[in-house]
Amino acid sequence: MARQSHLIVSKIGIIGAGVSGLAVLKQLSHHSPVVFEASDSLGGVWKTCSYHSTKLQSPRCDYEFTDFPWPNRDDPSFPSHTEILDYLNSYAERFDLFKYVRFNSKVVEVRFIGDRETADFSGNYGSLLSGQPVWEVAVQTNQSDTIEWYAFEFLVICIGKYGDIPKFPDFPHNKGPEIFKGQVLHSLDYCKLDKEAASQFLKEKKVAVVGFKKSAIDLALECAEANQGPDGQPCTMVVRTLHWTVPHYWVWGLPFFLFFSTRSSQLIHETPNQTLLKAMLCLLLSPMRNVVSKFIESYLLYKLPLQKYGLKPDHPFIEDYASCQMAIMPENFFPEADKGKILFKRTSKFWFSREGLEFEDSTQLKADVVILATGYDGKKKLKNILPEPFYSLLEYPYGVMPLYRGTIHPLIPNMAFVGYIESVANLHTAELRSMWLARLVDNKFKLPTVEKMLEQVFKEIEIMKRSTRFYKRHCISTFSINHSDEICEEMGCCSWRKKSLLAEAFSPYGSQDYDKLD
C-alpha cells in the first residue's frame, strides 16, 4: 500500500462510531473532530454483532442519552437491535453529527509523533490542544490500496472490547476444528446472516453452541425455533462456565433497582476513597450483601428451572452482577428446552473429533455445525493499531486496563479510551465519561498527579477483585453511583442529582439525572 505524501491535520480524532464514539463525538463536536468508522454505518456491535432476535437487556429509559429521551421511553418492552440503531441514527441526525463521520474508513496504524523529551507524562496535562500534533493515524478508505495519514493533537479510542476479532478456545494438537467434517463458525460469522439465511443454515441440523452468555443463549433459541417439526434437530449448548440469568427486572414483586441502583442500596458495597465512617458502615452492613444475593437467587431458582437442567451456578448472584455478566433469559427459552429442542452439556474442556465434539468425561456429541459463542479479543484490536510502548502500558497483571476514570491512562499523553469500563447501563457510563473528557480537553479542570491517578485505578481494581472472581471485565456496577459522584466533583458539578433526600436515597440513578450538569 502506498503512503500518502501529505498529512491532514486536525485537532481531535475519534476512532469508532459505535455508542461510545457517538457519545464522545457529541460532547466534543464544538472542536469539529474527525471520526473514523470502519463500517458503513453507526452503531458498532449493534450493527455488526447482532442476530435478528437480539434485544437490549434493559428498558429504554436505562439506555438513552441525557439530552435525547426515547420517544416511547415508558414502553416496558426491551427494544430490538434495529430499534436501537434507529435511535442512534436519530440522535446523530438531531445533533447534526453525521458530517463529522468518515464511514468505510479503517484505522490500520497509530503513531506517536510528539516530542518524547518534552511530552508531558507528569499527570499535569495542561492545555491538551496546544496546536502541535501528537498522534498520527493511518486510514484505509473503502479497502483501497492507498493509505491516508492524519495528524491529531488529541486522539480518542472508541473501538471497544467486543466485535471485530473473534476469540477462539485453544485445542490440543490435531483436535481442533480442522479435523471436524462439519461446519465450524464463530458467532461473529453467524451475525452476518440475515434472518432467512440463518434459519436455513440451522434447519434440520445437529447444532452445538459453545457458551452460556447472552449471545449463546439467543443463538440456541434461534436454533430451536428453526428446528420445529418432526425433522427438527435439537441444539446442544456446551456450557463451560455458568452464569446467573434473570427472567425480568422484578424479584418477588420488588423492582430490581432497589437492590443495586439506588444510593442507599450501594451503601453495603465497598467504594474507593470511602471515609472511615463509610468503611465502618459498609463493614457493619456487609452481611446484607449475602442476604440480598440469596434473596435474588431464591426467586431465580423458583422462577427458572435452573436446577432441573443443572444450570445453577456455584458462585453467588452478586458476583455476576459485580462483573456485569447478568443476562436476561428470553421468555420462550426454557419452554423450548422442555420440548427437547435445547439440550445442555456441562464440561470444563472439549475438543473436536471428525464427527463432532469430545469431552473430558469421555462422552461424545455428534454435530453437523459447531458455533463458538466464545467472545471477542478486545486486546488484540488495540494491539493491532497502538504502537509500543503505549500498548504495553495498557497491559496489567490483573488483566484490567488501568484507566483513570475509566477513560485515560496517566502515562499515555493526549489519548483517551471510552467504552472500556462496564456497568449495567453502558450508554450512560460512556456519556458521562465523555462529558468529563470534554471538560478536560477544554481545560476546565486539572488532573491529579500520575501517582494519585494510578492509586485511584488500583483501588478500584482491588475492590473489583474482592467483589467477584470475574473482575477482569472492569465492571463498576456495585459502586457506579460513587464513580459518577467523583467524576461530577472533579468537573466541579454537584454530585447529588435528585430533588429531595428521599429520592436521593431510594430512587434509581440514570442518565436523565445528569442532564444539564452544572
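Would a scan of region 348-368 turn up a residue that is modelled with pLDDT of 95 or more, closer than 23 Å to Thr54 by Cβ and assigned to a strand (DSSP E or B)? Among the residues of region 348-368, not one is modelled with pLDDT of 95 or more, closer than 23 Å to Thr54 by Cβ and assigned to a strand (DSSP E or B), which makes the answer no. The lone criterion from (1) out of contact with any helix residue (DSSP H, G or I) (no Cβ under 6 Å at 6 or more places or on another chain); (2) at pLDDT 95 or above; (3) of a type in the set (Asp, Glu) left unmet by Glu331 is number (2). Select from region 427-439 the residues that are under 29 Å from Gln132 (Cα atoms) and buried (at least 22 other Cβ atoms within 10 Å of the Cβ) and list them in ascending order. Within region 427-439, Ala430, Glu431, Leu432, Arg433, Ser434, Trp436, Leu437 meet the criteria.
Matching residues to (1) closer than 22 Å to Phe334 by Cα; (2) open to solvent by less than 40 Å² (accessible area, probe 1.4 Å):
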residue: Glu196; (1), (2): no, no
residue: Leu202; (1), (2): yes, yes
residue: Lys206; (1), (2): yes, no
residue: Glu225; (1), (2): yes, no
residue: Trp250; (1), (2): yes, no
residue: Ser264; (1), (2): no, yes
residue: His269; (1), (2): no, yes
residue: Met280; (1), (2): no, no
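For region 73-95, the set of residues classified as open to solvent by 60 Å² or more (accessible area, probe 1.4 Å) and either outside any helix (DSSP H, G or I) or touching a His at 6+ places or on another chain (Cβ under 7 Å) (or both) consists of Arg73, Asp74, Pro76, listed by residue number. Residue check: Gly13 meets all listed conditions (1) at pLDDT 95 or above; (2) of a type in the set (Gly, Ala, Ser); (3) within 29 Å of Pro508 (Cβ to Cβ) but one, namely (3). Cβ-Cβ distances below 8 Å connect the following pairs, each with a first residue in region 379-394 that is in a loop (DSSP other than H, G, I, E, B), a second residue that is buried (at least 16 other Cβ atoms within 10 Å of the Cβ) and among the aromatic types (Phe, Trp, Tyr), and a separation of six or more residues or different chains: Pro387/Phe112. For region 441-499, a tally of residues being buried (at least 16 other Cβ atoms within 10 Å of the Cβ), under 30 Å from His31 (Cβ atoms) and among the basic types (Lys, Arg) returns 1. Checked against the criterion of being polar (S, T, N, Q), outside any loop (DSSP other than H, G, I, E, B) and open to solvent by 10 Å² or more (accessible area, probe 1.4 Å), the candidates Thr241, Thr236 yield just one match: Thr236. In region 404-428, the residues that are in contact (Cβ under 8 Å) with a residue 60 or more places away in the chain form Cβ pairs under 9 Å with partners that are in a loop (DSSP other than H, G, I, E, B) and among the basic types (Lys, Arg), at six or more places apart or across chains, as follows: Gly419/Lys161; Tyr420/Lys161; Glu422/Lys161.
Within region 340-358, the set of residues being farther than 13 Å from Pro177 by Cβ and in contact with a helix residue (DSSP H, G or I) (Cβ under 8 Å, 6 or more places away or on another chain) comprises Lys341, Ile342, Leu343, Phe344. Selection within region 159-188: residues that are under 21 Å from Gly419 (Cα atoms) and among the charged types (D, E, K, R). The member of this set that is surrounded by the fewest Cβ atoms within 10 Å (Cβ to Cβ) is Lys167. Within region 321-335, the residues that satisfy the criterion of being open to solvent by less than 20 Å² (accessible area, probe 1.4 Å) and closer than 20 Å to Gln233 by Cβ are Phe333, Phe334.
Suppose the filter is modelled with pLDDT under 90 and buried (at least 18 other Cβ atoms within 10 Å of the Cβ); does Val424 pass it?
Spelling it out, Val424 is indeed modelled with pLDDT under 90 and buried (at least 18 other Cβ atoms within 10 Å of the Cβ).
Within region 101-131, the set of residues being at pLDDT below 55 and either of a type in the set (Asp, Glu) or within 23 Å of the chain's Cα centre (by Cα) (or both) comprises Glu117, Asp120.
Can you tell me which residue within region 213-223, out of those that are closer than 25 Å to Glu358 by Cβ and buried (at least 23 other Cβ atoms within 10 Å of the Cβ), is modelled with the lowest pLDDT? Per the criteria, the residue is Ser215. Within region 481-504, residues that are more than 14 Å from Leu432 (Cβ to Cβ) and touching a residue at least 12 places away in the same chain (Cβ under 8 Å) have Cβ atoms under 6 Å from residues that are of a type outside the set (Gly, Ala, Ser) and open to solvent by 20 Å² or more (accessible area, probe 1.4 Å) in these pairs: Glu504/Arg263; Glu504/Trp496; Glu504/Lys498, counting only partners at least 6 apart in sequence or on another chain. The set of residues in region 369-378 being in a loop (DSSP other than H, G, I, E, B) and under 23 Å from Leu221 (Cα atoms) consists of Ala373, Thr374, Gly375. Taking Ala216, is it in contact with a helix residue (DSSP H, G or I) (Cβ under 8 Å, 6 or more places away or on another chain) and not basic (Lys, Arg)? Taking the combined requirement at face value, the residue satisfies it.
The values are calculated or read from the model by the stated rules, or taken from the named source; none is laboratory data. Since the model is a prediction, treat every value here as computed from it, not as a measurement. Reconstructed Cβ throughout: ideal geometry from the backbone, glycine too, with neighbour counts over all protein chains shown. When the accessible area is computed, the model is the full protein with side chains, heavy atoms only, and any ligands, DNA or RNA have been set aside. Shrake-Rupley method; radii C 1.70, N 1.55, O 1.52, S 1.80 Å.
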